[in-house]
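Inspection log for the structure reproduced underneath, given as structure tokens.
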Amino acid sequence: MNAVQPHAAKAAIPDFSGLFREPSRGVPIHAHKLGRRFGALQVLHALDLHVPAGQFLAIVGRSGCGKSTLLRILAGLDHPTSGDYRLGEEAAAHGPRAEARIMFQEPRLLPWASVLANVEVGLSGVTSTADSRRRALETLAAVGLEDRAAHWPSVLSGGQKQRVALARALVSRPRFLALDEPLGALDALTRIEMQGLIEKVWQESGFTAVLVTHDVSEALALADRVVMIEDGRIALDMAVPLPRPRRRGSVDLALLEERILAQLLQRDKVQPEYVI
Amino acid sequence: MTNIADAFILKSDARATPVWLSRLKSARPGRLSAWLVPALILAAWQATASLGWLSVNVLPSPAGVVRAFWKLTLSGELAANIGVSFVRAALGFAIGGGIGFALGLANGLSRISETLTDSTLQMVRNIPHLALIPLVILWFGIDEGAKLFLVALGVFFPVYLNTLHGVRNVDPQLIEMGSSYGMTRGDLFRRVILPGALPSIFVGLRFALGVMWLTLIVAETIAAQSGLGYMAMQAREFMQTDIVVLAIIIYALLGKAADAAARLLERRFLQWNPAYQAQGARP
């Protein structure tokens, strides 16, 4: 695979594709000259992106850079105004697909359905049966919430709600999971727990994961590869060739983080320096 | 020194709440305390009537009302009139509420339907429906149709407006979630939009129940040949204040019963809502 984009040559890095895990049940994603325009505003500019099957890709960037738009297109919630993309072998049409699931920034649980019924929502088109309940319970157990199956969502904490949302996304065994800043609203400790949980289920199920986040350290803790988007273009494409489980605060992570932050903050360099 | 100490003791004593006051504050009102004031009023009413301070032509005694109740129950007149009024209320409510609910859903879900009907409905809404009584009598005479029409019209708007509002205000993020998780339009309606609109629909329902009784009372007192309102108007002709008061009390009880039924439904269907939840509630 060629993770390094031509216009990101300054950030050229060796090809670490050999380090990626063996081919899994995830789907590869190919985006070719993807463009999205809202009225006069061009949010994505002819963006090329290839995500190999089973890769954990993190997309970082400032707010409004187009990273969420890109993710929403990949997850089938939005459509490109130019270019095309493929999920697996089929050309992806706009619309929901059973093999792709998205986890939103908010839990978006149905307040009038029990925790278990909320997880069953992930089994689209399936009315509640003994089988769907069993699968939903298994998935709830995987996120450690099987004892809350009969509760209303309103009695859960923010982290627990997001875990239910994760179970809902996973219950149909998707081959592609889109994560739209799902941990943005959680407190620091819950965040770290959730990162561990997401890494664990990704390693076990081997789906392709694309995580949009503004938190560079979160991207580095989880991803095989970090892509940075600036003004609707890929400005940096970097593999994260570190073994898992990754040690929070290790020197390697810190060096990579500094590189990404340096690029992110580049624009600020033109600001006058202050003398104390 | 002792003076200062005394002053302190005095001060702290003065601050302490007297025992009787703290008892009064901590006393939780029992279930029966809510009936204390009505019971006192009733006793005072009976006393003034028994002492002859209150003319029967102005207000009958409570005992007189009870006697009237007993007499009319035995003759079967009361049950028949309540039955007639109840059927009118229920039918009018079903017709008006049904149309209001259907149009509220249609206009909440479809732009075309809304553009076609909403502004017309908003214009009609501004006519007090009781102002139509002369016209309604001309159209329907004093038949059942007149009462049903008025009740249905009165009930229609609260149900319509609140259903529309409820459907409009369903969290769009939940709808996006539902459709991205592969829900069909039917699923989306059944599992997201309808339950999301339900709290607002219940507000409309309770409001409509109030309008329903009000409209029926007015319609029955003006043009009817049976029913509670007719019974009260007949009694007025013969100065039977006890029957008039009895009819008023029965209207109050029916209104209260309808509201209680609506609240029961609310608690049953909105259990998930923290506003209706007992602690640790489960589905």
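The values are calculated or read from the model by the stated rules, or taken from the named source; none is laboratory data. This structure is a prediction, so every number in the text was calculated from the model and none was measured. When we count neighbours, we look across all protein chains shown, and the Cβ atoms used for this are built from the backbone with ideal geometry, even at glycine.
Okay, here's what the table says:
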{"item": "Any hit, the stretch B:152-172, residues being assigned to a helix (DSSP H, G or I), free of Cβ contacts under 8 Å to residues at least 12 places away in the same chain and within 14 Å of chain A (Cβ to nearest Cβ)", "result": "yes"}
{"item": "Wholly within the stretch A:113-232, strands (runs of 3 or more DSSP E) carrying at least 2 residues that are more than 14 Å from every other protein chain (Cβ to nearest Cβ) and in contact (Cβ under 8 Å) with a residue 60 or more places away in the chain", "result": "A:208-212, A:225-230"}
{"item": "Criterion (within 30 Å of A:Ala117 (Cβ to Cβ) and crowded, with 20+ Cβ neighbours inside 10 Å) met by exactly one of B:Ala208, B:Ala224, B:Ala197", "result": "B:Ala197"}
{"item": "Subset of the stretch A:37-65 (residues that are closer than 30 Å to A:Glu204 by Cα and either surrounded by 22 or more Cβ atoms within 10 Å (Cβ to Cβ) or in contact with a Pro (Cβ under 6 Å, 6 or more places away or on another chain) (or both))", "result": "A:Val51, A:Pro52, A:Ala53, A:Gly54, A:Gln55, A:Phe56, A:Leu57, A:Ala58, A:Ile59, A:Val60, A:Gly61"}
{"item": "Residue among A:Leu255, A:Leu222 that is surrounded by fewer than 17 Cβ atoms within 10 Å (Cβ to Cβ) and hydrophobic (A, V, I, L, M, F, W, C)", "result": "A:Leu255"}
{"item": "Residue in the stretch B:256-278 that is small (Gly, Ala, Ser), within 14 Å of chain A (Cβ to nearest Cβ) and part of a helix (DSSP H, G or I) present", "result": "yes"}
{"item": "Listing of helices (runs of 4 or more DSSP H) fully contained in the stretch B:176-251 that carry 3 or more residues being within 14 Å of chain A (Cβ to nearest Cβ), under 30 Å from A:Asp78 (Cα atoms) and free of Cβ contacts under 8 Å to residues at least 24 places away in the same chain", "result": "B:185-188"}
{"item": "Output for the stretch B:252-271, where each listed residue is touching a residue at least 24 places away in the same chain (Cβ under 8 Å) and not basic (Lys, Arg)", "result": "B:Leu254, B:Gly255, B:Ala258, B:Asp259, B:Ala262, B:Leu265, B:Glu266, B:Phe269, B:Leu270"}
{"item": "Test set (1) facing chain B (nearest Cβ under 9 Å); (2) at pLDDT 90 or above; (3) more than 16 Å from the chain's Cα centre (by Cα) - A:Arg97 fails condition number", "result": "(2)"}
{"item": "Flag if A:Val171 is modelled with pLDDT of 90 or more and more than 14 Å from the chain's Cα centre (by Cα)", "result": "yes"}
